[in-house]
Amino acid sequence: MFLIGLTGGIASGKSTVANFFRELGCPILDADVIAREVVEPNKPAWKKIVKHFGNEILLENGQLNRPMLGQIVFSNPAQRKVLNSITHPEIQKSMMWQIFLYFIKGHQFVILDIPLLYEGSKLKKVLKEVIVVSCDEETQLNRLMQRNDFSEEEAMNRIQSQMPLTQKCQLANHIIDNTGTVEQTQEQVSTLYRQFRNYHTHWVFRLVFLFAFATFSGTFLLIIRFINKLRQWRQ
């Protein structure tokens, strides 16, 4: 099995692309979904966030007040760095466990949907390839303002808190241009999907895993036999 990163900029259309891959049968691990799970009340990341930012960022039910926390971290790079240092390790641990489960189930590849992949995620080291979903700056700004009901200033703050899309595109193996129609974006996804299905990398990893498992199993059986013989000798 091999891993493919999916990233982009805020409001560039990454979720749309992820849904198209999901419809084709690709397993998708969404870092945003996992990020919400790891900060549920009384989980390790939640406790660290509350300790640093204070109880003021909590709702009455104990959940994080996301709009308030967002205002704090998106207007203060130092605070955003602290938040990322708390949540990213927990997100990565959860992702690695789920990747292992997909490997056991026999999937050829898994797509990791990681918005801040190039902004500091350690998972990029294990990716075979990376897809960046891009669009022009005007489209990105308008989409974000309409989607989140942001002012232009608020939207620009969110966009500028991330690495520029142009820079991400330079680092990518594949670029999906989401400026055009939905049909055009879907066709680009289908083309990439067919390309990934033709890869044979996953067989190499499976053979290595099976060899390691067989070696471990054989060693384990030898140890069990030795222990049994030792017990018989003592008797």
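The values are calculated or read from the model by the stated rules, or taken from the named source; none is laboratory data. The model shown is predicted, which means the values in this text are computed figures rather than measured ones. Neighbour counts are summed over all protein chains in view; Cβ atoms, including those assigned to glycine, are modelled from backbone coordinates with ideal geometry.
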Selection within region 46-86 - surrounded by fewer than 15 Cβ atoms within 10 Å (Cβ to Cβ), more than 24 Å from N148 (Cβ to Cβ) and more than 21 Å from the chain's Cα centre (by Cα): K47, K51, H52, G54, N55, G62
Selection from region 10-47 of residues that are under 21 Å from E119 (Cα atoms) and of a type in the set (K, R): K14, R36
Candidate set from region 119-138 (those that are more than 16 Å from Q162 (Cα to Cα) and in contact with a Ser or Thr (Cβ under 7 Å, 6 or more places away or on another chain)); member that is surrounded by the most Cβ atoms within 10 Å (Cβ to Cβ): V130
Subset of region 97-121 [in contact (Cβ under 8 Å) with a residue 12 or more places away in the chain, of a type outside the set (F, W, Y), farther than 18 Å from G9 by Cα and assigned to a helix (DSSP H, G or I)]: Q98, I99
In region 122-163, the residues that are basic (K, R) and without any contact (Cβ under 8 Å) to a residue 12 or more places away in the chain: K125
Test for I34: is it among the β-branched types (V, I, T), surrounded by 14 or more Cβ atoms within 10 Å (Cβ to Cβ) and part of a loop (DSSP other than H, G, I, E, B): no
Residue within region 143-156 that is modelled with pLDDT under 90, out of contact with any helix residue (DSSP H, G or I) (no Cβ under 7 Å at 6 or more places or on another chain) and in a loop (DSSP other than H, G, I, E, B) present: no
Subset of region 11-31 (residues that are surrounded by fewer than 18 Cβ atoms within 10 Å (Cβ to Cβ) and either aromatic (F, W, Y) or outside any helix (DSSP H, G or I) (or both)): L24, G25, I28
Among (1) touching a strand residue (DSSP E or B) at 6+ places or on another chain (Cβ under 7 Å); (2) within 22 Å of C26 (Cβ to Cβ); (3) buried (at least 19 other Cβ atoms within 10 Å of the Cβ) - the single one I91 does not satisfy: (1)
Conditions (1) outside any loop (DSSP other than H, G, I, E, B); (2) out of contact with any Gly (no Cβ under 9 Å at 6 or more places or on another chain); (3) hydrophobic (A, V, I, L, M, F, W, C): number failed by I176: (2)
